[in-house]
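Peer 1: Questions regarding the structure given below will be posed in turn.
The values are calculated or read from the model by the stated rules, or taken from the named source; none is laboratory data. What you see is a predicted model, and the numbers here were worked out from it, not measured in a lab. Counting neighbours? That spans all protein chains shown, and the Cβs are built from the backbone with ideal geometry, glycine included. Note: accessible area is taken over every heavy atom of the protein model, side chains too, but ligands, DNA and RNA are not part of it. Shrake-Rupley method; radii C 1.70, N 1.55, O 1.52, S 1.80 Å.
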Amino acid sequence: MSSRLPNSLITLTVVIAGALSPLQATFAQVEKRPHIKIRGIYGGAPTQLLAQNKKLPELGVNAIFMGSGSLTDQRIAEMKQQGAQVFAEFNTMHVANYLKDHPDAAPIGVNGKISPAPQGWQGICPTHPGYRKYRMDDFRRVLKEYEIDGIWLDYHHSHASWERAVPDMPDTCFCKRCLNQFQQETNVSLPDASTPELSQILLGKQKTAWVQWRCDVFTDWVREFRSIINETRPEALLGTFHCPWSETDFNGALKNKLAIDLKKQAKYIDVFSIMPYHARFNHPQDPAWISRQTTWLGKYLDIKGEPGDRLKIWPIVQLSDWGEAVPVEQVHSVLDHGTRQPSTGVMVFRWGSLHPQTEKVDAMIEYYRAINP
């Protein structure tokens, strides 16, 4: 067949392209992405659209992520009747109200005193037995009470505020409970010294052992969460919302500061939902940062985004304004980079602040519909 188009067809193409808006013309060129199984919304059901008698399938949406505290049987049933899966978000280390009656659960800093909440973000000591039981009991309750398809861990990291261009990550926790447990579980003997002196040892010559032990404490929480799922709702997925950095970013802060050991957690996790909020994290003009981070994670955990993979990557990408604004012209690029393999799903952050921005919502819908096989 000749590669030259008839003049009439060329004319028709030009006319059609001219009739489309720039965004519509862009979406007309979007390729189908059959590897993307999840096209989600984070932050609750799009009730504003449903009130207009719109249905999730015509919006291109097939997954809703909502906080565990906002789950209701009625809302779950409504979403499932429209063919959507429902996933719950579960706060692990950020229930600050617990400290009101349990001040001994506050993280201790290098000076031996309670570490102030960095940028208002209040973490909890990960070895506090009462707090751990409190969260595990609530985790079990959510799984027993609601017909959810999965549950995602959130804030599962140490006392820190990393969701910003310049992270604030104090070194913690040096309470007596943590120090004693560290010695018992690592066979490392610490001298009889003050907390400031001990913290310097742990961040100095014993740093490797200290960092790995802290990571293992948080990983053990994940192990227990997995066991609760296996006991109560074994068909449900266990996901995690987590920091999108590589192992070298911010001098290895993923492990050294946040106590996140992705490879060890991978034994228990089904879905890794990194949070590459490009605008929030100082990449406002570089949506390609999103796919660079998912590519790194895929290589790090050997996730290819293929049907046989046990582990999955479903990033949560920023469309709503938080810090830097996300212009409507970026919607296509953000979702394009968020849906490139090894990703097999994507969700947008975040419905509560996104839905009034109707142009961006429309662009999201058009993209979701365009990639749906």
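Peer 1: Output the residues belonging to the range 143-172 that are under 20 Å from R226 (Cβ atoms) and either open to solvent by 20 Å² or more (accessible area, probe 1.4 Å) or over 21 Å from the mean Cα position of the chain (by Cα) (or both).
Peer 2: Scanning the range 143-172 gives K144, E145, Y146, E147, D149, Y155.
Peer 1: Any chance the range 256-268 includes a residue that's more than 30 Å from G204 (Cα to Cα), open to solvent by 10 Å² or more (accessible area, probe 1.4 Å) and not hydrophobic (A, V, I, L, M, F, W, C)? Show your work before the answer.
Peer 2: Just the residues of the range 256-268 that are more than 30 Å from G204 (Cα to Cα), to begin with: 268.
Narrowing further to those that are open to solvent by 10 Å² or more (accessible area, probe 1.4 Å): 268.
When the remaining residues are screened for being not hydrophobic (A, V, I, L, M, F, W, C), the result is 268.
Yes, the range 256-268 contains a residue that is more than 30 Å from G204 (Cα to Cα), open to solvent by 10 Å² or more (accessible area, probe 1.4 Å) and not hydrophobic (A, V, I, L, M, F, W, C).
Peer 1: Checking Q293 against (1) modelled with pLDDT of 95 or more; (2) surrounded by fewer than 20 Cβ atoms within 10 Å (Cβ to Cβ); (3) closer than 16 Å to C243 by Cβ, which single condition isn't satisfied?
Peer 2: (2)
Peer 1: Is there a residue being out of contact with any His (no Cβ under 9 Å at 6 or more places or on another chain) and assigned to a loop (DSSP other than H, G, I, E, B) anywhere in the range 129-145?
Peer 2: No, because not a single residue in the range 129-145 is out of contact with any His (no Cβ under 9 Å at 6 or more places or on another chain) and assigned to a loop (DSSP other than H, G, I, E, B).
Peer 1: Determine, yes or no, whether G44 is of a type in the set (G, A, S), closer than 17 Å to T344 by Cβ and not in a helix (DSSP H, G or I). Give the derivation first.
Peer 2: Values: of a type in the set (G, A, S): yes; closer than 17 Å to T344 by Cβ: no; not in a helix (DSSP H, G or I): yes.
In short, no.
Peer 1: Pick from T186, T195, T172, T232: which is modelled with pLDDT of 95 or more and either closer than 30 Å to F65 by Cα or of a type in the set (F, W, Y) (or both)? Working first, answer last.
Peer 2: Working: T186 fails: either closer than 30 Å to F65 by Cα or of a type in the set (F, W, Y) (or both); T195 fails: either closer than 30 Å to F65 by Cα or of a type in the set (F, W, Y) (or both); T172 fails: either closer than 30 Å to F65 by Cα or of a type in the set (F, W, Y) (or both).
Step by step, each of T186, T195, T172, T232 is checked, and only T232 is modelled with pLDDT of 95 or more and either closer than 30 Å to F65 by Cα or of a type in the set (F, W, Y) (or both).
Peer 1: Picking from A253, A288, A279, which residue would you name as being modelled with pLDDT of 95 or more, open to solvent by less than 50 Å² (accessible area, probe 1.4 Å) and in contact with a Gly (Cβ under 8 Å, 6 or more places away or on another chain)? Talk me through it step by step, then tell me what you get.
Peer 2: On the way: A253 fails: in contact with a Gly (Cβ under 8 Å, 6 or more places away or on another chain); A288 fails: in contact with a Gly (Cβ under 8 Å, 6 or more places away or on another chain).
Among A253, A288, A279, only A279 is modelled with pLDDT of 95 or more, open to solvent by less than 50 Å² (accessible area, probe 1.4 Å) and in contact with a Gly (Cβ under 8 Å, 6 or more places away or on another chain).
Peer 1: Exactly one of these conditions fails for A165: (1) over 23 Å from Q122 (Cα atoms); (2) in a loop (DSSP other than H, G, I, E, B); (3) among the aliphatic types (A, V, I, L, M). Give me its number.
Peer 2: Checking A165 against (1) over 23 Å from Q122 (Cα atoms); (2) in a loop (DSSP other than H, G, I, E, B); (3) among the aliphatic types (A, V, I, L, M), the one that fails is (1).
Peer 1: Grab the helices (runs of 4 or more DSSP H) fully contained in the range 300-373, keeping just those with 1 or more residues being among the polar types (S, T, N, Q) and farther than 29 Å from T248 by Cα.
Peer 2: Values: elements: 331-338, 351-354, 358-371.
Ranges flagged: 351-354, 358-371.
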